[in-house]
1. Consider the stretch 174-232. How many of its residues are over 18 Å from V9 (Cα atoms), under 18 Å from the mean Cα position of the chain (by Cα) and modelled with pLDDT under 95?
2. Scan (1) within 16 Å of the ligand (Cβ to nearest atom); (2) outside any helix (DSSP H, G or I); (3) touching a strand residue (DSSP E or B) at 6+ places or on another chain (Cβ under 8 Å) for the single condition D148 breaks and write down its number.
3. Anything in the stretch 107-123 that is more than 10 Å from the ligand (Cβ to nearest atom), in contact with a helix residue (DSSP H, G or I) (Cβ under 6 Å, 6 or more places away or on another chain) and of a type in the set (V, I, T)? List them, or say none.
4. Just checking, which of S36, S5 is more than 16 Å from the ligand (Cβ to nearest atom) and of a type in the set (S, T, Y)?
5. Taking the condition more than 15 Å from the ligand (Cβ to nearest atom) and either more than 21 Å from T119 (Cβ to Cβ) or buried (at least 20 other Cβ atoms within 10 Å of the Cβ) (or both), does A160 pass?
6. For the structure I just gave you, tell me whether A130 is buried (at least 20 other Cβ atoms within 10 Å of the Cβ) and at pLDDT 95 or above.
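The values are calculated or read from the model by the stated rules, or taken from the named source; none is laboratory data. Since we're looking at a predicted model, the values are computed, not measured. Here Cβ is always computed from backbone atoms with ideal geometry, including for glycine, and neighbour counts include all displayed protein chains.
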Amino acid sequence: MSSDSPIGVFDSGVGGLSVLAALQAELPGERFIYFSDAAHAPYGERGDAFVIERTLGIARQLVEEHGIKALVVACNTATAAGIGLLRSVYPELPIVGVEPALKPAAAATRTGHVGVLATRGTLASGKFKALHDSLKSDSVRFSLVPCDGLAGAIERLDEAAIQSLAAQYVGALGRFGHQPDDIDTLVLGCTHYPFIAADLKRLAGAQVRLIETGQPVAQQTRRLLAAKGQLAGDDPTGSLQLLSSGDAASLDAAAARWLHAQAVGIALN
Ligand code: DGL
């Protein structure tokens, strides 16, 4: 394994492309291999044992067949269920996970009320509970809504389901605005959700701040590789290989659509 080796990135499906876009922007000289587990998506309602088995299997494939020098688990649900185990199986491999950005949201809110949308698996996890418990206080509270079916609808590009589920879950959070106790900050706790940021803004109101995690994950990946002396350099000579356990053509189309959309800037704030 050397600085020329690729960085592995995976998600249950297309959601991790929102993280990949940030990784490519931060690390333009790197080779990336993106694995979409589309044949088994979505993960959010499948339970820990299933998600852990998939996570370990995908990591093994990326390590053994592709010789990755680092792994980015671009999925909140897989991070919550499996990152501890993953790190114990691959102690030498830099591994970066994603988790809902509660800390930046707590720093950003002015009303003291933050909404969190994530999968059922993420919100039910011990890892999330520990994060939530460490940050909720007299001055900041978090309203949590598990979004069953939403990542799947985004995965299938099912526009009607996206619209009705997004309206249902944003509605369940409560009132948005800038009065005391209104929600003024919304955490996108699943990597699929940045792709419907415009819909969420329309539902929650243009003044609401949306927070996701692509950029901090990319910066952490840079730090870990730099510490190991394994950065490829910043010349824009990087590359991308797309792998899917499902339909490869759908992933190609999603990558063309989403990576371009991110490159031209989906407005999150
Ligand atoms: N994109 C994933 C996440 O961040 C998984 C969504 C799903 O497969 O349910 O949680």
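1. Within the stretch 174-232, residues that are over 18 Å from V9 (Cα atoms), under 18 Å from the mean Cα position of the chain (by Cα) and modelled with pLDDT under 95 number 0.
2. Here D148 meets the rest and fails (3).
3. V114
4. Going through S36, S5 in turn, just one is more than 16 Å from the ligand (Cβ to nearest atom) and of a type in the set (S, T, Y): S5.
5. Values: more than 15 Å from the ligand (Cβ to nearest atom): yes; either more than 21 Å from T119 (Cβ to Cβ) or buried (at least 20 other Cβ atoms within 10 Å of the Cβ) (or both): no.
Here the answer is no, as A160 does not meet what is asked.
6. On the way: buried (at least 20 other Cβ atoms within 10 Å of the Cβ): no; at pLDDT 95 or above: yes.
No.
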